[in-house]
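First comes the structure, then the notes that go with it.
The values are calculated or read from the model by the stated rules, or taken from the named source; none is laboratory data. Please read these numbers as outputs of a predicted model, since none were measured by experiment. Ideal geometry is used to build each Cβ from the backbone, glycine not excepted, and the neighbour counts take in all protein chains shown. The protein model used for the area step is the full one, side chains on, heavy atoms only, and it has no ligands, DNA or RNA in it. Shrake-Rupley method; radii C 1.70, N 1.55, O 1.52, S 1.80 Å.
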Amino acid sequence: MLDISKELTPDAIAPRLAAIVGAQNVAADPATLTLHSADIWRRAESPILAVAPGSTEELSRVIALVHAAGLAIAPRGAGASYTAAYLPARAGTVSLDMTRMDQVLAVDPGAMTVTVQGGCTWAALNAALKPHGLRTPFWGPMSGLVSTIGGGLSQLNAMFGAARYGTSSESVVGLAIVLADGQVLRTGAGLPGAAPFYRHYGPDLAGLFCGDGGVFGIKAEVTLRLMRIPSHEDYVSFAFKTGRDLLLAMAELSRAGVASEMCAFDPGLAEVRMKRASLAEDFSTLRRVVAKESTLLKGLQQAAKIAIAGRDIMAPDDYSLHLIAEGRAAAAVAADLAEARRIAAGCHGREIENSIARLIRVTPFPPLNSILGPSGERWAPVHGIASLTAAPAVFEEVEAVFAAMKPELTAAGVSAGYLYTSLSTNALIIEPVFYWPEERYAIHEKLMETQHLARLPVQPANPAATATVTEARRRVIEVFARHGCGFFQIGRTYPYRESRDPASLALLDGIKALLDPAQNFNPGVLGISGAGTD
Ligand SMILES: Cc1cc2nc3c(=O)[nH]c(=O)nc-3n(C[C@H](O)[C@H](O)[C@H](O)COP(=O)(O)OP(=O)(O)OC[C@H]3O[C@@H](n4cnc5c(N)ncnc54)[C@H](O)[C@@H]3O)c2cc1C
């Protein structure tokens, strides 16, 4: 423990932090504080300042100092989440900006591990691994251009590689965690001072910090397992007439383990996506399609197929499913796609042009321009992780919520669609997405491309519409919880404590009391040390 004077006040702390990280990395200007006081979903308290350490050593000294001052700490990666998960919950909070800790520290193709700083983005990780022909099994969320590996492990992620390998934390070999008193806790098997090479050595301590929302400690360094990038991939897309058939197909495709990732859209979401994509985006995407193929001729053929199919590859009332298979041999990938076709046909699926599946892989980490709708309206997803057997019934109950609320939703100008993805061989994610007229925040301006933002109308404040969305979100989450769904990105939005048995709660509270006795890390997240709902 550092010996720090009890008279350390919030005002006195800024120069002390500046002495650790440099004055340019301690911000108290209104623009930064405003940015850090809202996520994509809602506004909260302003932090008193934002501090950005650049190394594990600086992070450790920062945390010890802020804790000694008795201030709350809100860890923040790129801020690309929407469950009030990094927002200050009480006055006198310091926002911990992890984006300076963005380095890939070591790639070890011999040991098949990579070690990154907690603020490293998924895009930077993949760029560093590509020249080695390597990647991590789960290799990023769609927000990976900016979103961080520390944030992704704290909230857990779905998407690239998830249909085969599961969520982000399945790739973890070891973590270096900075605790409240500044101590560094390192997990995994390996020599002291060296990166771990294997995760499991006694109880799984890394697991404690995966999905913890930053309430137990700060992810300073992360070591992940590597695999060779499969040399073959191929794509297939299907259209279904009902959500039930789509989910039955996704469940069986999951059991069969044929996809590395699959995602599906309902007619509502497909409509928004088609309105949004601009011609300029189409051209730059087609250029990337050409570049991805092994020869120019093949690339031009693929690009031509996509351009000719255009945006009319499915009927307006179709549910579309896009599946990517990968493997070491072309024959194995072809066999997986053949099995996918057999399964989809058995669920009344009709094969359609595979442009969207192909485009998903061509630009896995697009700019985050989808966080406002095509008319500048606000966007916020909500999700539940359902068992393969429960998914169709869960979906139908969520649909019933929307049907019951239709008059209010329509009156408030709220529209909704669904995204569906899969997790390994045993879970599906059902993700309703809301669009509604409401003003944008500083985070939208920060995360979106300037030229895209400039084309969108500016919506005025509309608290009544937001109240309607809040109520719809609450009712949808209630359906998910009633069916025993799990949740990623729990933050202050999803119930967690409510679903745990008394023995688990006692263990969680005991761990919190041991690791963060003053309850300063992210109070309220996971419902620990404060109110859990937003
Ligand atoms: C356009 C868009 C697409 C998206 N696509 C996907 C997707 O495909 N799959 C998916 O799973 N999610 C997706 N998301 C959701 C979101 O981007 C992810 O949850 C992402 O992991 C957030 O990372 P971040 O770095 O922005 O974390 P933040 O939002 O900054 O923080 C997330 C949580 O982690 C904590 N935290 C952050 N860094 C640390 C650290 N180093 N140590 C301890 N705690 C920390 C924060 O306190 C907070 O509780 C998407 C979001 C957007 C906007």
Look at Met142 and say whether it is within 11 Å of the ligand (Cβ to nearest atom) and of a type in the set (A, V, I, L, M, F, W, C). yes
Every residue from region 114-158 that is open to solvent by less than 10 Å² (accessible area, probe 1.4 Å) and at positive phi: Gly140
Pairs only if they're at least six apart or on different chains, beta carbon under 9 angstrom, first in region 136-165 and in a helix (DSSP H, G or I), second within 8 Å of the ligand (Cβ to nearest atom) and of a type in the set (Lys, Arg); list them, first residue then second. Ile149/Lys219; Gly150/Lys219; Gly151/Arg76; Gly151/Lys219; Leu153/Lys219; Ser154/Lys219
Considering only residues that are more than 8 Å from the ligand (Cβ to nearest atom), of a type in the set (Ser, Thr, Tyr) and open to solvent by less than 20 Å² (accessible area, probe 1.4 Å), look in region 84-113 and name the one that is farthest from Gln519 (Cα to Cα). Thr113
Can you pull out the residues in region 353-382 that are closer than 18 Å to Thr468 by Cα and open to solvent by 10 Å² or more (accessible area, probe 1.4 Å)? Glu377, Trp379
Quick test for you: out of Ala345, Ala390, pick the one residue that is out of contact with any helix residue (DSSP H, G or I) (no Cβ under 8 Å at 6 or more places or on another chain) and either crowded, with 23+ Cβ neighbours inside 10 Å or in contact (Cβ under 8 Å) with a residue 24 or more places away in the chain (or both). Ala390
Show me the strands (runs of 3 or more DSSP E) entirely contained within region 50-110 in which 2 or more residues are modelled with pLDDT of 95 or more and of a type in the set (Phe, Trp, Tyr). none
Scanning for something open to solvent by 30 Å² or more (accessible area, probe 1.4 Å), at pLDDT below 95 and either assigned to a loop (DSSP other than H, G, I, E, B) or touching a Phe, Trp or Tyr at 6+ places or on another chain (Cβ under 9 Å) (or both), does region 196-217 turn up at least one residue? no
Candidates Gly202, Gly211, Gly166 - the one that is farther than 19 Å from Asp108 by Cα and either touching a Pro at 6+ places or on another chain (Cβ under 7 Å) or near the ligand (Cβ under 10 Å from one of its atoms) (or both): Gly211
Hey, can you tell me all the residues within region 456-478 that are open to solvent by less than 70 Å² (accessible area, probe 1.4 Å), within 18 Å of Ile490 (Cβ to Cβ) and touching a helix residue (DSSP H, G or I) at 6+ places or on another chain (Cβ under 9 Å)? Val476
Number of positions in region 58-72 that are touching a strand residue (DSSP E or B) at 6+ places or on another chain (Cβ under 9 Å) and farther than 14 Å from Val26 by Cα: 6
Here is a list of conditions, (1) in a loop (DSSP other than H, G, I, E, B); (2) open to solvent by less than 10 Å² (accessible area, probe 1.4 Å), and Leu191 meets all of them except one; can you say which number that is? (2)
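Only one of Glu233, Glu221 is open to solvent by 10 Å² or more (accessible area, probe 1.4 Å) and under 30 Å from Glu353 (Cα atoms); which?
Details: Glu221 fails: under 30 Å from Glu353 (Cα atoms).
Just one listed residue meets the conditions, Glu233.
Among the residues of region 499-522, write down those that are under 23 Å from the mean Cα position of the chain (by Cα) and either assigned to a helix (DSSP H, G or I) or not polar (S, T, N, Q) (or both). Please lay out each step first, then the result.
Here is the first cut: in region 499-522, the ones under 23 Å from the mean Cα position of the chain (by Cα) are 499, 521-522.
Result: Ser499, Phe521.
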Could you give every pair whose Cβ atoms fall below 8 Å, whose first residue belongs to region 393-405 and is over 8 Å from Val479 (Cβ atoms), and whose second residue is among the aromatic types (Phe, Trp, Tyr), counting only separations of at least 6 or pairs across chains? Phe395/Tyr418
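Does any residue of region 182-196 turn out to be within 8 Å of the ligand (Cβ to nearest atom), closer than 25 Å to Ala64 by Cβ and of a type in the set (Val, Ile, Thr)? Break it down stepwise before answering.
Applying the first criterion (within 8 Å of the ligand (Cβ to nearest atom)) to region 182-196 yields none.
Among the residues of region 182-196, not one is within 8 Å of the ligand (Cβ to nearest atom), closer than 25 Å to Ala64 by Cβ and of a type in the set (Val, Ile, Thr), which makes the answer no.
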If we only count strands (runs of 3 or more DSSP E) wholly inside region 350-457, which ones have 1 or more residues that are within 16 Å of the ligand (Cβ to nearest atom) and modelled with pLDDT of 95 or more? 378-381, 384-386, 415-423, 427-436
Here are the criteria: (1) buried (at least 23 other Cβ atoms within 10 Å of the Cβ); (2) more than 13 Å from the ligand (Cβ to nearest atom); (3) within 30 Å of His383 (Cα to Cα). Tell me which single one Val26 does not satisfy. (3)
I'd like to verify a number: residues in region 175-186 that are open to solvent by 10 Å² or more (accessible area, probe 1.4 Å) and over 19 Å from Ala518 (Cβ atoms), how many? 1
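Which one of these is modelled with pLDDT of 95 or more and open to solvent by 30 Å² or more (accessible area, probe 1.4 Å): Ala38, Ala19?
Values: Ala38 fails: open to solvent by 30 Å² or more (accessible area, probe 1.4 Å).
Result of the check over Ala38, Ala19: Ala19.
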